[in-house]
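I have placed the structure first, in the form of structure tokens, so that the comments after it can refer back to it.
The values are calculated or read from the model by the stated rules, or taken from the named source; none is laboratory data. Note that the coordinates shown come from a computational prediction; the quantities given were computed from them, not determined experimentally. Heads up, the Cβs are rebuilt from the backbone with ideal geometry, glycines too, and the neighbour counts pull from every protein chain shown. These area figures cover heavy atoms from the full protein model, side chains too; ligands, DNA and RNA do not enter into them. Shrake-Rupley method; radii C 1.70, N 1.55, O 1.52, S 1.80 Å.
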Amino acid sequence: QVQLVESGGGLVQAGGSLRLSCAASGVVYQINAMGWYRRAPGKQRELVADITAGGTSNYADSVKGRFTISRDNAKGTVYLQMNSLKPEDTGVYYCNAKVTTLGPLSSDESWGQGTQVTVSS
């Protein structure tokens, strides 16, 4: 199992920036894709961005050009740099990791507890 701890959420005005971090801990065979999801008020959780262990990233159309995902494999950490924030970016942001577990090797995924991002207009 992998434990994920997020940080960096908060309140910001529209047009501002925030940087989210998510640190993974635990013993697994390999951490594969890591990503960020969000749940806006009254909506279902949706993918914001994810990134493979090799560094290939994928973004929701609504954040392309404004958000950048990156990761440090040595530290087991994934980041989300959010620029030009809009009120519609408000929500709880969750870190996700897809892993290969040890003994026997199998796929699993873990979720962080979530961090609140609020963008005021």
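At-a-glance table
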{"read-out": "Selection count where residues are modelled with pLDDT of 95 or more and more than 14 Å from the chain's Cα centre (by Cα), scope the stretch 1-23", "value": "8"}
{"read-out": "Qualifying residues in the stretch 68-96 (those that are surrounded by fewer than 17 Cβ atoms within 10 Å (Cβ to Cβ) and of a type in the set (D, E, K, R)) - the one farthest from Glu46 (Cα to Cα)", "value": "Lys75"}
{"read-out": "Cross-chain or 6+ apart pairs with Cβ under 6 Å, the stretch 103-114 first and open to solvent by less than 100 Å² (accessible area, probe 1.4 Å), then not in a strand (DSSP E or B)", "value": "Ser110/Val2"}
{"read-out": "Residues of the stretch 109-121 satisfying the condition of being closer than 12 Å to Met34 by Cα and in a strand (DSSP E or B)", "value": "Glu109, Ser110, Trp111"}
{"read-out": "Flag for Ser62 being farther than 27 Å from Ser121 by Cα and either of a type in the set (Phe, Trp, Tyr) or open to solvent by 50 Å² or more (accessible area, probe 1.4 Å) (or both)", "value": "no"}
{"read-out": "Residues being more than 24 Å from Thr56 (Cα to Cα) and among the charged types (D, E, K, R) - total across the stretch 1-43", "value": "1"}
